[in-house]
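Reviewing the structure listed below.
Just so it is clear, none of the values below were taken in a lab; they were calculated from the coordinates. Owing to the predicted nature of the structure, the values given are computational and were not obtained by experimental measurement. When we count neighbours, we look across all protein chains shown, and the Cβ atoms used for this are built from the backbone with ideal geometry, even at glycine.
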Amino acid sequence: MNQPVFLHIVERLEGFLGKLPERIQKPVLTELTPLKELFLKQRPPRFVLTGSHKLAVHEVAATLFAFETPADLRDVLMEVFRWQNITVGGHGTIAVLDARGADEAAMRKIEEELRREPADMFLHLVDGNSGRPVLSRDIDALAALAKLNGAQEPGAKIIGISLVSPPKASAESNGKAPSAERRDAQAKLQTALTEKAGVREHLLQVTELPIRPLASGEQSASPAAMRLMALLARELPNEARVEMIRVSRDREAQVQIAQVLVKSTSAISAAIGAQPIPLADLPILTTLQLVMVSGIMHIAGRDRSLRAATEFAAALGVNVGAGMILREGARAVLKFFPGWGNVVCGMVAGAGTYALGRAAIVYFLEGVSLKDARRIYFASRKKPATPKLLVQGAGDRKERTSRK
């Protein structure tokens, strides 16, 4: 999302709230909150790596998030014990702090980093091909960092990950089958994490993941990597979810967030459209709708711009001028019905916003043709739902009118 543009729209909306009835102000703010968290405060998700596995940071990221590491980065030495941003295959960005093997001096540096930018998730990595015990000092370090981070970000969780090398590299000379070694490693990690106070209450899951970044030309991640990314997309705080969903390429999660965007934007549009301020709210409504489409494009991993959103709306056959005439015409006809007339005008604005958002979802996320998206847009406009906050507001006005 273009954050400066969205900030401008939010500021305009918050200034507009003073003109709305008190019973509508709170519901509008409720709808505005998730939009601000998801898009205005959007940032890369922050992951701290702990544990004993020695895989390089870029290779860890490529394995966890299923992307091909560029050749020019494979031999680059990256600073440890500091936050560093990693671009994930052109889809999005993550922030990683590698805390593995930190001594006392390094722990002080890590503490400074966590105070500056708290972690969203701790990923504890072990060698899944080894049957050796989980090192207690690594678990102690994890507990200490989780406690420190908890003062800044109480919601941070812990995931234990047993990284498994390809089969040809996993045979051991101790006579034990590789599959048995893998089961032992995951079970030992589960036990070590659940037995440690300060860790078990934050433990989200212990999983096994093959060390298999995407090869050149490969499109799909391993099932284990897809499950991990879907879990992260659900559990991360709202500020980091959009970027994580872009990274994961999880269509189900993308559609879910896009529906939140459409629902909230439609409710806000309905509330604004219901107010008896002819034409004054049109620039706000129009820009809000285009920002919504731009947000859906961004969730889908595309370039984001109000210009591209405008071009999409035009391709659907959405005519802003016609929409204005329709709404203002409805307002003129319905002015003889106090309260309910404004509700219908609000429903026109809300239905138009919802239809545009629905068309953007099916086109950018579900892959339907532009022709089908246009058909869905016009079909959706015919089925407006009456927002509860508008019905309540109209009921109050009707009651006040009857008393007179």
Order these by the 10 Å Cβ neighbour count, fewest first: Asp103, Asp184, Asp98. Asp103, Asp184, Asp98
Sorted by average packing, counted as other Cβ atoms within 10 angstrom per residue and highest first, what order do 188-198, 34-44, 122-132, 57-67 take? 57-67, 122-132, 34-44, 188-198
